[in-house]
Each structure stands twice: as structure tokens, then as C-alpha cells.
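I have placed the structure first, in the form of C-alpha cells, so that the comments after it can refer back to it.
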2 protein chains.
Amino acid sequence: MTPSRKPARRKPAPSRSAAEQEALRATAFRTSRRHNAAETEEDYVELIDDLIRERGEARSVDMAQRLGVSHVTVAKTIRRLRDKELIQYEPYRAIFLTPKGKSLAERCRGRHQQVVDFLTALGVSTRAAEVDAEGIEHHVSAETLDAMRRFTRERRKGS
Amino acid sequence: MTPSRKPARRKPAPSRSAAEQEALRATAFRTSRRHNAAETEEDYVELIDDLIRERGEARSVDMAQRLGVSHVTVAKTIRRLRDKELIQYEPYRAIFLTPKGKSLAERCRGRHQQVVDFLTALGVSTRAAEVDAEGIEHHVSAETLDAMRRFTRERRKGS
DNA sequence: CATAAAGTTTAGCCGAGGTTACATTATCAT
DNA sequence: ATGATAATGTAACCTCGGCTAAACTTTATG
Ligand SMILES: [Mn+2]
Ligand SMILES: [Mn+2]
Ligand SMILES: [Mn+2]
Ligand SMILES: [Mn+2]
């Protein structure tokens with residue numbers, strides 16, 4: 001079971017097209033990591049917008065509940081979002097979106113709904129669509145979102 | 001522009017069905033976070049498997065290149081994966097998958113390909129499909145993956 | 001065979017995002 | 001009015017996944 005001793009130097013460089021292929025791979029991984037990094041702020045502003053619509057205001061205790069996270073995590077995160085000028089709040093008070101935050105929230109809300117609608121049109125149950133969309137939404141390019149929209153529209157018409 | 005002073009206490013609890021809705025939301029967020037946490041190890045074992053197929057062995061320098069990350073990041077991560085018994089290696093030597101790691105890698109490879117094929121069948125370009133799939137693959141439930149597979153098969157047949 | 005180059009490891013730093021325990025403040029009820 | 005309770009904040013800790021700099025090992029080469 002001991003791994004056989006292999007040379008430390010790498011094999012000779014791959015062909016030209018293979019090198020391009022490598023670069024594309026790296027781009028894919030990098031892009032995915034960038035999307036993951038944006039996930040928190042996207043979900044937070046979307047949630048704040050939801051809460052304001054549903055209950056008139058966004059309180060951190062409700063955010064913690066919906067996110068399934070402790071209130072301390074919410075406290076630390078909203079401080080970062082305030083530094084980024086996406087939200088605004090004062091101690092012991094409700095949370096508000098800045099214009100910048102509101103605009104991001106609306107883009108995220110729309111995209112979220114589009115992904116959910118697409119998965120549903122594809123035949124996925126409501127529950128699974130809602131759960132999967134929460135992750136998928138952060139990784140759909142404009143091109144993919146467009147293709148999803150077309151499919152949803154056609155499927156709706158065709159039924 | 002100062003936010004109006006609002007009461008600190010939250011609004012009265014929502015109705016029964018609304019509470020269930022809250023729980024589902026929390027589940028969606030939690031699931032998405034769990035999938036994000038699994039992303040690194042899934043991508044690493046898949047990549048190691050790819051490299052072994054393509055070049056006969058997996059070296060950390062090649063992994064760093066493909067992942068678009070420093071070789072030190074790879075070193076730290078593979079130590080974790082070894083602790084989890086997904087991979088095996090000795091100092092200055094190539095990296096091997098344990099049976100557990102190999103099995104995970106094969107599941108991930110298959111899922112990755114299915115997502116790429118699905119996006120392509122949907123009309124997304126090869127480049128965008130490859131990039132988006134790298135993130136989406138970690139968030140597709142069995143149910144969604146199944147729906148994707150059905151769609152891909154039908155579209156292939158129908159063309 | 002000596003040494004340069006390539007690859008790997010180690011040490012130490014950082015920010016994000018999670019936690020528990022405890023302190024503080026604002027609202028509600030008596 | 002005041003005291004209990006709910007909400008918010010703060011301190012201290014953790015892991016993960018990035019990084020740079022520097023040391024070390026292995027392989028290749030003159
Ligand atoms: Mn989300
Ligand atoms: Mn969302
Ligand atoms: Mn991936
Ligand atoms: Mn993949």
C-alpha cells in the first residue's frame with residue numbers, strides 16, 4: 001500500500017492547446033471562488049429586503065433565525081456590509097439598505113426567483129428547487145441565466 | 001437620512017405556515033453552506049483523479065496551476081485531505097487517492113460532466129458551461145441532477 | 001560529482017464566517 | 001417607575017482557505 005516512489009520533477013509541458021485548457025480550468029475555479037466570496041453579501045441584502053417587505057423592518061434576530069446562524073455571526077457580518085456601504089444601522093436599531101444595497105438586493109431577488117422558476121419548470125419539486133437555488137443562484141453567468149429564462153418561458157407557453 | 005427610531009422588539013410571531021416557511025429558508029441556507037464546505041475536498045479529489053489519468057500522477061505543483069492558487073495553499077489543503085483519509089502521500093512524493101477518495105472523485109467527475117452536458121444541452125456555450133458547472137455542481141440535489149439528466153437525454157434524442 | 005533548478009515543506013500572517021459566554025440596552029408588564 | 005425579558009453588542013476562540021518568505025529535498029545538468 002506504500003505509494004511507489006516516483007520522480008519529483010513534473011512531466012514535460014503539455015501541448016499548446018492543452019496549456020490553454022489548463023488556463024480555462026484555472027479560470028473556472030477562480031470564478032467559482034469569487035462567486036462564493038460574494039455569496040454572503042448577496043444573501044444578506046436579499047434577506048434584509050425580504051424582511052422589510054414582509055414585516056416592515058429588518059431585525060438581526062430575524063435574520064439569524066432565517067439564516068440558521070447565531071446572532072453574533074449576523075452582527076459581525078452586518079458590520080462588514082456597513083463598511084461596504086450596502087446597509088446602514090445604528091446600535092439597537094433596525095437595519096436599512098443603502099441605495100447601493102437596495103439595487104444589489106433587487107438584482108439578487110430577481111435572479112433567485114428566475115433560478116427557482118427554472119428548476120420548477122424543469123420538473124423539480126418546490127422544496128428542492130428552493131434549496132438548490134439558494135446555492136446555484138450565485139454561480140449562474142449572464143449567459144446561463146438567459147438560457148434558463150428562455151427555457152422557462154417556452155415550457156410555460158408549451159404546457 | 002438618519003434611520004427612523006424603531007422599536008427594538010420584533011413584531012409578533014408570524015402564523016403557523018409562515019413559521020414553517022421560515023424553517024425551510026433556514027434549511028436552504030444551511031444546506032448551501034454545507035455544500036460550500038464540501039466544495040474544496042470534492043474539487044481536489046476530482047482534480048487529483050484527472051491528473052492521474054492525464055499524466056500518470058498528481059503533483060502539487062500541477063494542482064496549484066490548475067486551481068489558480070499558490071502551491072502553499074495546496075500543501076495545507078492536502079494535509080487536511082490526508083487526515084480525512086481521502087488521499088495519501090509521502091514527503092516530496094506524488095499524491096494518491098485512497099479507495100474512499102477514489103470513490104468520491106468518481107462521483108464528482110460524473111456529476112461534473114452531467115452538469116456540463118446539461119448546460120450545453122440547454123444552449124450554453126462550452127466555455128460558460130465549464131465555468132458555471134464548476135460552482136453549480138456542488139449545489140445540485142439528487143432530484144435536480146435527475147431532472148437535468150432526463151432533459152439532456154431527451155434533448156439529445158430530439159435533435 | 002557538485003551544484004543549479006525545480007518542487008515541497010514549514011512558519012507566520014490575514015480575513016471570512018462560524019461558535020459560546022457574558023455585558024449592555026431597550027421595551028414590556030406589573 | 002421599576003424590574004424582567006428580549007434584543008443587541010463585545011470578547012475570545014475556532015477552522016478554512018488564501019498569501020509571502022524562507023528552508024529543505026530531489027532531480028537534472030555541466
Ligand atoms: Mn443564496
Ligand atoms: Mn437567495
Ligand atoms: Mn467545483
Ligand atoms: Mn468539478
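Computed quantities for the displayed model
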| read-out | value |
| --- | --- |
| Residue within segment A:105-113 that is modelled with pLDDT of 95 or more, more than 9 Å from chain B (Cβ to nearest Cβ) and in a loop (DSSP other than H, G, I, E, B) present | no |
| Selection status of B:Glu20, loosely packed, with under 15 Cβ neighbours inside 10 Å and either closer than 30 Å to A:Gln65 by Cβ or of a type in the set (A, V, I, L, M) (or both) | yes |
| Of all residues in segment B:78-94 being surrounded by 19 or more Cβ atoms within 10 Å (Cβ to Cβ) and assigned to a helix (DSSP H, G or I), the one that is farthest from ligand 4 (Cβ to nearest atom) | B:Ile78 |
| Among the residues listed as B:Ala121, B:Ala128, the single one being facing chain A (nearest Cβ under 7 Å) and either more than 14 Å from ligand 3 (Cβ to nearest atom) or modelled with pLDDT of 95 or more (or both) | B:Ala128 |
| Residues of segment B:133-159 that turn out to be within 23 Å of B:Arg30 (Cβ to Cβ), free of Cβ contacts under 8 Å to residues at least 24 places away in the same chain and of a type outside the set (Gly, Ala, Ser), as a count | 4 |
| Which numbered condition B:Val115 misses (of (1) farther than 15 Å from A:Phe118 by Cβ; (2) in contact (Cβ under 8 Å) with a residue 24 or more places away in the chain) | (1) |
| Checklist (1) within 8 Å of chain A (Cβ to nearest Cβ); (2) closer than 23 Å to B:Ser32 by Cβ applied to B:Val61, failing item | (2) |
| Test for B:Lys102: is it more than 30 Å from A:Arg149 (Cβ to Cβ), away from DNA strand D (no atom under 16 Å from the Cβ) and in contact with a helix residue (DSSP H, G or I) (Cβ under 8 Å, 6 or more places away or on another chain) | yes |
| Residue check for A:Arg66: among the basic types (Lys, Arg), under 21 Å from the mean Cα position of the chain (by Cα) and within 16 Å of ligand 1 (Cβ to nearest atom) | yes |
| Evaluation of A:Val115 against (1) closer than 14 Å to A:Val45 by Cα; (2) within 12 Å of ligand 2 (Cβ to nearest atom); (3) aliphatic (A, V, I, L, M) (one fails), failing number | (1) |
| Qualifying residue in segment A:48-55 (condition: within 16 Å of ligand 2 (Cβ to nearest atom), more than 7 Å from chain B (Cβ to nearest Cβ), crowded, with 21+ Cβ neighbours inside 10 Å and touching a residue at least 24 places away in the same chain (Cβ under 8 Å)) | yes |
| Any pair with Cβ under 8 angstrom, 6 or more apart, that starts in segment A:75-101 at a residue that is at the interface with another protein chain (Cβ under 8 Å from one of its Cβ atoms) and ends at one that is of a type in the set (Asp, Glu) and within 11 Å of DNA strand D (Cβ to nearest atom) | A:Ala94/A:Glu57 |
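The values are calculated or read from the model by the stated rules, or taken from the named source; none is laboratory data. Note that the coordinates shown come from a computational prediction; the quantities given were computed from them, not determined experimentally. Ideal geometry is used to build each Cβ from the backbone, glycine not excepted, and the neighbour counts take in all protein chains shown.
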